[in-house]
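No lab work stands behind these numbers, since they all come straight from the coordinates. Because the structure is predicted, anything quoted here is derived from the model rather than measured. Ideal geometry is used to build each Cβ from the backbone, glycine not excepted, and the neighbour counts take in all protein chains shown.
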Amino acid sequence: MERSIDILTPEKIETSDMAHLLIIDDDRMICRTMARFFTEAGHEVDQAQTLSEGMEKVENGDFDVVFLDVRLPDGDGLRHLPAIHDAASSPEVIILTAYADPDSAELAIKGNAWDYIKKPASSESLFQTLTQALQYRQQRETSRPYPEAVRHDIIGRSPKIQACLDVLARAAQSRTNILVTGETGTGKEVFARAIHANSERADQNFVVVDCGSLPETLMESLLFGHTKGAFTGADRAEEGLIKHADGGTLFFDEIGELTLSAQKSLLRVLQERRFNPIGSTKEIESDFRLVAATNRNLEEMVRDGRFREDLLFRLRSVTLELPPLRERTGDIPLLAEHYIRKLCDTHGMPVKTFSSECLQELEAYTWAGNVRELFSALEWVMAHALYENVLFPKHLPPQIRVQVVRSAFDSESSRDADALSSPCNDPPSMTAGTAAATPGSILKWKEYRRSLIEKGEKNYLKDLMAASNGDIKDAATLSGLSLPRVYELLRKHQISPR
């Protein structure tokens, strides 16, 4: 069913200088209508009806704005947002979809889309969002560029890590509070230290408050300090962590672990930058920059009454959300090689190298503990292969190898079941090819089953490569197969990724 743009052309539309636009939408009428609107407004417009065609144009063209549909014949437009932003021209992306829902809208915004518009859309609303996107783009190009962030032990080149580094570079130059979120082991403290290292406070103290191990009875003393004689055992005055961070950065690690009373005390300090040491009637000041981190859902904690909403508002002036390792598997070889090199230096050993099979197994593992678990596994490898120069899958911890093998078997069993339960376009004959079935012409069940599965596998892999544009990692994500299993099946059926 064809859809259309709701034509509500205003009498006069303010436009910017000519821009180069790309419309990726499988509805030809929508493409033609939008192209006519924007061409009449003085813009240069290109079109694509498939995701693969659109991505090829993005990679080879120079676009200012891309209008992107979500449901396309050969894939999900939202999944390609990072690739579009990573193009040389780094265009703004406006999502335009007839299948709008809150989840995809959230994905679009988190993917740094400029806007998310539901079809049918008026030409006025399209021109308005385009004009704003072009104004922003022009302002960004003429403003003073942010310096590239000093990585400070941040390893990775994936689009998600690069996006985090971009946020880091911008946020570090301000004095606003920053909330770093992410699963356990994603590197929240590493990013917090990088924020400090990239700020104007880099030569001052970086003070860590471990909220998970902060004793409630000593919390106020540790944070605010105390005067001599303020309580039993206070035989001298002590400066608290908040004062120690004066001029520098105060890092609250796992801030979701703070008690409600501690949250109340912290809120006042954030508002006033003043506090009273225990036993003192004189307020003191501390000019600190706050960075907080958590692996918990603070919004959910607010709803449950376990976290103060006003404190959450204060903390998340800027939010930096770190991706789990399973969403940036392309960074695993870089992380592994970096850390094994570091371990070799520590032990005074020659640098070890990874076999391709070993790296494939590291990429296929799920890494529930993220980068921290990866580094722990490499320490195990170092201990068990201290004098061996090349690392093979055999050197990996057993739990990693077991999970990878089980995952491959589970995926294969699931695929076999699907192949047997789903009709094929051209299933193999149950007979050896004779005109009439006779006892001698019937294939053995195992032979028939194997030929059916192989034909189903081959058809599936061809569709999988088309849907993933030949990207093996995307293919593994779409299919639920491990990377080694995808490679194995492609070799088995002699299918080229591209």
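Look at 261, 280 and count the other Cβ atoms within 10 Å of each Cβ; fewest to most, that gives 261, 280. The phi torsions of the range 252-263, fed into the Karplus equation with coefficients 6.51, -1.76 and 1.60 and a -60° offset, translate into couplings of 9, 7, 6, 5, x, 8, 5, 6, 4, 5, 5, 4 Hz, rounded to whole numbers, with Gly and Pro shown as x. Across the range 469-479, coupling constants 3J(HN,Hα) worked out from phi with the 6.51/-1.76/1.60 Karplus curve, θ = phi - 60°, read 6, x, 7, 5, 5, 5, 4, 5, 5, 5, 8 Hz, and Gly and Pro carry x.
Between 249, 94, 221, the Cα set farthest toward the positive side of the dipole of the chain (charges on each charged residue's Cβ, about the Cα centre) is that of 221.
What shape does the range 212-269 have by the C-alpha gyration tensor, where a ≥ b ≥ c are the square roots of the eigenvalues, rounded means a/c under 1.5, and otherwise prolate means a/b greater than b/c and oblate the rest? Oblate shape, in that a/c is at least 1.5 and b/c is the bigger or equal ratio. Per residue, the chain reaches -13500 deg cm²/dmol at 222 nm when only DSSP H runs of four or more residues are counted, each adding -39500 (n - 2.57).
For the range 217-233, backbone phi angles converted through the Karplus equation (6.51, -1.76, 1.60; θ = phi - 60°) give residue-by-residue couplings of 6, 10, 4, 5, 5, 5, 7, 9, x, 8, 8, 5, x, 5, 7, 4, x Hz, Gly and Pro being listed as x.
With the Kirkwood sum run over all distinct C-alpha pairs, the range 235-298 has a hydrodynamic radius of 12.8 Å. Take the alpha carbon gyration tensor of the range 159-323, find the square roots of its eigenvalues, order them as a ≥ b ≥ c, and report rounded if a/c is under 1.5; if not, report prolate when a/b exceeds b/c, else oblate. It comes out prolate by the Cα gyration axes. Taking every alpha-carbon pair under 8 Å whose residues sit at least 6 apart, the chain reaches a relative contact order of 11 percent. Residues whose amide H falls under 5 Å from that of residue 23, counting only those 5 or more places apart or on a different chain, are 46, 47, 48, 67, with hydrogens built in the peptide plane. The angle separating the long axis of helix 370-384 from the principal Cα axis of greatest extent in the chain is about 80 degrees. Relative to its residue count, the range 143-255 spans a Cα convex hull of 120 Å³ per residue.
In a shell of Cβ-Cβ distance under 14 Å around residue 379, excluding residue 379 itself, what net charge do Lys and Arg (+1) and Asp and Glu (-1) give?
That works out to +2.
Principal semi-axes of the equivalent ellipsoid, √(5λ) from the alpha carbon gyration tensor of the chain, are 49, 36, 20 Å from largest down.
The protection proxy used here, the mean number of other Cβ atoms lying within 10 Å of each residue, ranks peptides 290-303, 458-471 as follows, highest first: 290-303, 458-471. Taking a straight Cα-Cα cut-off under 24 Å and skipping sequence neighbours fewer than 8 places away in the same chain, the lysines within cross-link reach of residue 394 are 342, 352, 473, 492. Sparse packing (at most 16 other Cβ atoms within 10 Å of the Cβ) combined with a DSSP loop state is found for none of the GluC sites (Glu not before Pro) in the range 309-352.
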